[in-house]
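Worksheet: the structure to be examined is printed underneath.
The values are calculated or read from the model by the stated rules, or taken from the named source; none is laboratory data. Note that the structure is a prediction, hence the values are computed from the model and not measured. Note: ideal-geometry Cβ built from the backbone for every residue, glycine included; neighbour counts use all protein chains shown.
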Amino acid sequence: MTERIFVFVDEEELFSVMKDLDCLYCRNPVTASKHHLKKRHLRFAIYYKDSGIGKFSIPCYCADGGHGRSHWHCPMCMKILQRTKDYKIHITNHGVEMTDKSTVELQPTTVLLETLQTDTDDGTTGNKSSCQKCGVHFTTTSNLRRHERLQHCQDQQPMLCVDAKNAIYVTPKDPHGPRVPVHVRKSFSLQILLCELEECWDFMKAQAQRGNPGRECRHLMRTSHARPYTPPPPLCVRSLEDMTRRHLLSSPHTQQCQEIHTRADLDGVDCVYPVFWGEHELSERCVYFSVYTGFKDKWCQFGRTRVSFDTRSGSWKCLCEFRRSRCVHKCLSMWWLFQERPELLGNALDMSADGVEVLEEEDGVKLCPEEGEDIC
């Protein structure tokens with residue numbers, strides 16, 4: 001299903017989103033023809049500038065507003081406002097500048113000229129203005145990218161299943177910046193729709209109070225294009241023993257790792273599931289792990305926690321209550337890397353004169369141990 005958006009830079013962008021499908025902004029099924037969009041939505045659009053770029057929002061008549069009445073969805077915080085006056089005040093508080101239609105209509109021409117100039121400088125042609133899959137022509141490359149994202153599921157944020165038994169997935173929290181993963185649970189058979197972020201709880205709770213209990217947060221919506229579950233390479237006890245023999249793990253932590261690994265096997269789930277965003281053309285600097293905990297708490301609501309490893313600095317982070325210490329979840333993640341991808345430990349693994357490899361850790365914990373001292 002096409003994702004609804006509530007801000008546009010020109011009318012062609014609005015027309016291209018639905019292409020005569022059922023209107024996404026009306027409660028009752030109606031074809032989203034140009035005539036309908038102009039008469040029902042564009043006629044009442046609100047125009048403004050955001051970071052110097054002309055944009056506009058259209059009123060919505062979906063069930064979120066109650067009884068099919070017109071309302072406004074804030075594209076910045078997802079808040080719903082019933083009155084046009086309140087919506088104008090609300091988006092102004094987000095830092096936008098109210099303007100009129102004539103000012104906004106000049107923006108696409110400016111963007112087009114800049115795009116053409118960029119293409120000329122790069123020596124490329126204007127073929128990028130047409131969709132390679134359906135042939136629809138666009139005046140700007142930004143509109144084309146939006147069309148490809150919405151209509152052909154391109155540029156989607158990755159969604160990976162890390163626990164098929166309990167229907168647990170991971171997906172980036174934000175579409176920009178560090179792609180820190182969050183856990184979600186979605187299973188229609190188990191009637192579960194859960195995201196571990198508190199802000200998403202509030203959003204779905206508010207939607208339920210408005211009579212839309214099935215409304216999902218942006219993270220849960222991505223499960224529609226989730227990659228099928230693929231089991232990672234299992235942890236091998238022999239590699240754990242090798243780490244202990246090299247003094248990379250203390251005996252107590254080795255025992256803890258074995259206990260959690262055994263519990264995960266008994267539960268029929270993966271103890272450590274690595275998340276490599278580099279496979280999805282995202283930054284490869286950080287490697288993330290979804291690690292089995294065996295119990296539920298505020299930091300591991302679905303029985304799993306998140307561990308991250310910075311391949312440049314060699315630092316580790318974990319969400320658990322022992323985040324500033326050598327927690328067992330970091331040890332489990334180190335175990336997996338040591339076994340499967342030791343080359344990624346380049347900045348955290350040095351070879352001493354005795355042939356003993358040492359792992360480094362952040363947050364004030366010594367990275368190179370004293371003689372006879374164990375790591376993790």
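If you go through segment 19-70 one residue at a time, how many are more than 18 Å from Glu3 (Cβ to Cβ) and among the acidic types (Asp, Glu)?
1
Check whether at least one residue in segment 312-335 is touching a Phe, Trp or Tyr at 6+ places or on another chain (Cβ under 7 Å) and assigned to a helix (DSSP H, G or I), and report yes or no.
Checking segment 312-335: at least one residue is touching a Phe, Trp or Tyr at 6+ places or on another chain (Cβ under 7 Å) and assigned to a helix (DSSP H, G or I).
Given Glu284, Glu216, Glu321, which one is touching a residue at least 12 places away in the same chain (Cβ under 8 Å), surrounded by 14 or more Cβ atoms within 10 Å (Cβ to Cβ) and either farther than 30 Å from Phe188 by Cα or not β-branched (Val, Ile, Thr) (or both)? Talk me through it step by step, then tell me what you get.
Values: Glu284 fails: surrounded by 14 or more Cβ atoms within 10 Å (Cβ to Cβ); Glu321 fails: surrounded by 14 or more Cβ atoms within 10 Å (Cβ to Cβ).
Every option except Glu216 fails the conditions.
Checking Ala206 against (1) without any contact (Cβ under 8 Å) to a residue 60 or more places away in the chain; (2) under 19 Å from Trp299 (Cα atoms); (3) surrounded by 12 or more Cβ atoms within 10 Å (Cβ to Cβ), which single condition isn't satisfied?
Condition (2) is where Ala206 drops out.
Going through segment 63-89 one residue at a time, which ones are surrounded by fewer than 17 Cβ atoms within 10 Å (Cβ to Cβ), in a loop (DSSP other than H, G, I, E, B) and among the hydrophobic types (A, V, I, L, M, F, W, C)?
Listed by number, the residues that qualify are Met76, Cys77, Met78.
Check segment 194-206 and report whether any residue there is of a type in the set (Lys, Arg) and at pLDDT 80 or above.
yes
Ile91 - would you say it is more than 23 Å from Glu199 (Cβ to Cβ), of a type in the set (Val, Ile, Thr) and outside the structural domain of Gln207 (by TED's automatic domain parsing)? Walk me through how you get there before you give the answer.
Numbers: more than 23 Å from Glu199 (Cβ to Cβ): no; of a type in the set (Val, Ile, Thr): yes; outside the structural domain of Gln207 (by TED's automatic domain parsing): yes.
No; evaluated as a whole, the condition is false for this residue.
Name every residue in segment 4-55 that is in a helix (DSSP H, G or I) and modelled with pLDDT under 85, in order of residue number. Please lay out each step first, then the result.
From segment 4-55, those in a helix (DSSP H, G or I) are 11-18, 34-40, 42-44; that's our starting set.
Of everything in segment 4-55, those that are in a helix (DSSP H, G or I) and modelled with pLDDT under 85 turn out to be Glu12, Glu13, Leu14, Phe15, Ser16, Val17, Met18.
Only one of Val307, Val275, Val291 is within 23 Å of Ala167 (Cβ to Cβ), in contact with a Ser or Thr (Cβ under 7 Å, 6 or more places away or on another chain) and free of Cβ contacts under 8 Å to residues at least 40 places away in the same chain; which?
Exactly one of Val307, Val275, Val291 is within 23 Å of Ala167 (Cβ to Cβ), in contact with a Ser or Thr (Cβ under 7 Å, 6 or more places away or on another chain) and free of Cβ contacts under 8 Å to residues at least 40 places away in the same chain, namely Val307.
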